[in-house]
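Single-structure report; data block below.
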Amino acid sequence: MNEQEFIPKKYSGLIPAGTTTWRAPSNIALVKYWGKFPDQIPANPSISFTLSKSATTTSVSYEPKKQNSDGTSFTLLFEGKPKEEFRPKITTFLGRISKYLPFLNEIHLKIDTSNTFPHSSGIASSASGMAALALCLMDIEKELVPSMEPEFLKRKASFLARLGSGSACRSISGPIVEWGMHKDLPESTDLAGIPYKGEVHQVFQDYQDTILLVHKGEKTVSSTAGHDLMNKHPFANRRFEQAHDNLSGLMGVFETGDLEKFIQIVESEALTLHAMMMTSLPYYLLMKPQTLSVIQKIWAYREQTSVPLCFTLDAGANVHLLYPLQYREKVLQFIKNELIAYCENGQYICDQLGEGSKKV
Ligand code: DP6
């Protein structure tokens with residue numbers, strides 16, 4: 001894959017008008033993307049489970065611009081209402097990608113977007129949001145290039161989504177997506193996410209992710225600021241190497257279904273991510289006391305029951321519980337008995353692996 005393949009030849013048709021709608025799911029990284037170079041190039045490869053229910057649905061209505069103005073032009077509704085806070089991020093995104101979608105300078109967009117997960121739940125919507133928007137924009141390009149293959153549409157959507165938010169490039173396909181160059185995956189690239197094509201043991205089919213909403217407030221430090229702090233981080237290079245090793249390890253685990261090793265890699269990745277935050281300058285903490293209590297409870301439960309339940313964390317305080325489908329009833333009971341007390345308003349979301357984005 002190279003950047004040039006995404007720069008289109010001159011379009012022959014007129015700028016169209018119409019509406020398109022896509023639903024893109026969120027994803028949860030097993031090996032974490034943490035640290036990046038200019039142009040959204042990841043400092044290490046990452047791999048994620050694509051989720052199913054936690055998703056963003058975005059509709060884009062488009063028509064040729066009425067006035068001849070420079071740059072991109074859009075209006076934005078979030079859950080039916082104007083949302084000024086989102087404008088700067090989308091303006092930057094559209095500006096960055098107009099080189100690859102030159103029609104953006106000649107079109108006006110009406111973007112209407114909503115999430116399935118509760119408002120300000122502490123679940124990042126940038127991955128699913130940027131993925132859904134990138135897919136809508138690719139659908140418009142398809143109007144101009146009718147011969148476009150569906151596979152190219154998704155590949156370029158992932159390439160574009162990455163320029164909006166790195167992890168978004170892993171939300172186009174499913175159920176497992178890898179992003180970033182890795183020696184064991186010849187097709188891997190820093191430019192986009194690729195569906196993981198290796199063998200995957202049946203224990204990972206319909207793997208569950210129950211997300212405990214431990215703290216629903218805004219994060220004190222954004223992911224973008226966190227990535228920046230990796231630039232001068234004293235442990236950065238060793239961490240980047242470790243991510244490569246953990247990805248190799250996980251590839252073996254996917255094949256064998258060795259859940260003990262799965263748990264070890266996934267939990268270590270989550271704690272390393274937060275350890276990187278705690279050892280940045282300035283240092284900071286995104287876990288809450290409840291996050292630690294939940295982790296301790298999970299370890300005790302695993303010890304007592306041998307249920308292969310493990311956790312992972314995003315750049316926030318919420319806890320993702322990962323486990324095979326066959327343990328669903330047991331784990332849900334455990335959550336009700338012991339973990340719900342640590343969730344804000346007792347809230348949690350039951351999700352599972354999914355197939356990726358869909359046109360609505
Ligand atoms: C901790 O993709 O949100 O969730 O590229 O700056 O938008 P930007 O960052 P973002 O970072 C996500 C970091 C993470 C780990 C991961 O999803 O791999």
Problem set entry | Spatially proximal aspartates and glutamates relative to LYS53 (Cα-Cα < 12 Å; intrachain offsets below 8 disregarded) | ASP209, ASP351, GLU355
For this session: Measure off, as a whole percent, the carbon and sulfur share of the 1.4 Å-probe accessible area of the chain, all protein chains present.
Result: 52
Exercise. Rolling a 1.4 angstrom probe over the protein heavy atoms, how many square angstrom per residue are accessible across the range 3-198?
Worked result: 42
For this session: Check each of the trypsin sites (Lys or Arg not before Pro) in the range 125-220 and keep only those in coil by DSSP with at most 11 other C-beta atoms within 10 angstrom; list them in order.
Result: LYS183, LYS197
For this session: Calculate how steeply helix 236-256 sits against the longest principal axis of the alpha-carbon atoms of the chain, using the helix alpha-carbon long axis, and give the answer as 0 to 90 degrees to the nearest 10.
Result: 80
Problem set entry | Percentage, to the nearest whole number, of Cα pairs in the range 77-205 over 25 Å apart | 31
Problem set entry | Overall dimensions of the range 282-360 as given by Cα atoms, namely Rg and Dmax in Å | 14.2, 45
Exercise. Using alpha carbons only, what's the Rg to Rh ratio of the chain with Rh from Kirkwood?
Worked result: 0.97
Seminar exercise, completed: Per 10 angstrom bin, beginning at 0 and ending with the bin that holds the maximum distance, the Cα pairs of the range 20-133 fall in percents of 12, 39, 34, 13, 1
Seminar exercise, completed: Surpassing 26 Å at the alpha-carbon level, of the pairs LYS154/LYS197; LYS261/LYS330; LYS219/LYS261; LYS197/LYS359, are LYS219/LYS261
Seminar exercise, completed: Expected sort for 317-324, 21-28 on mean C-beta neighbours within 10 Å, highest first, is 21-28, 317-324
Exercise. In terms of the Cα gyration tensor, with a ≥ b ≥ c the square roots of its eigenvalues, is the range 208-352 rounded because a/c is under 1.5, prolate because a/b exceeds b/c, or oblate?
Worked result: oblate
Problem set entry | At 0.890 mPa s and 25 °C, Stokes diffusion of the range 158-260 via Kirkwood alpha-carbon radius, µm² per second | 154
For this session: Mind checking which aspartates and glutamates have their Cα closer than 18 Å to the Cα of LYS10? Skip sequence neighbours fewer than 8 apart in that chain.
Result: GLU106, ASP139, GLU141, GLU143, GLU149
Seminar exercise, completed: SER61 and GLU218 label points (each 7 Å along its Cα→Cβ direction) are spaced in nm at 3.1
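The values are calculated or read from the model by the stated rules, or taken from the named source; none is laboratory data. Every value quoted in this text rests on a predicted model; they were computed, and no experiment measured them. Neighbour counts run over all protein chains shown; Cβ positions are idealised from the backbone, glycine included. All accessible areas refer to the heavy atoms of the entire protein, side chains included, with ligands and DNA or RNA removed. Shrake-Rupley method; radii C 1.70, N 1.55, O 1.52, S 1.80 Å.
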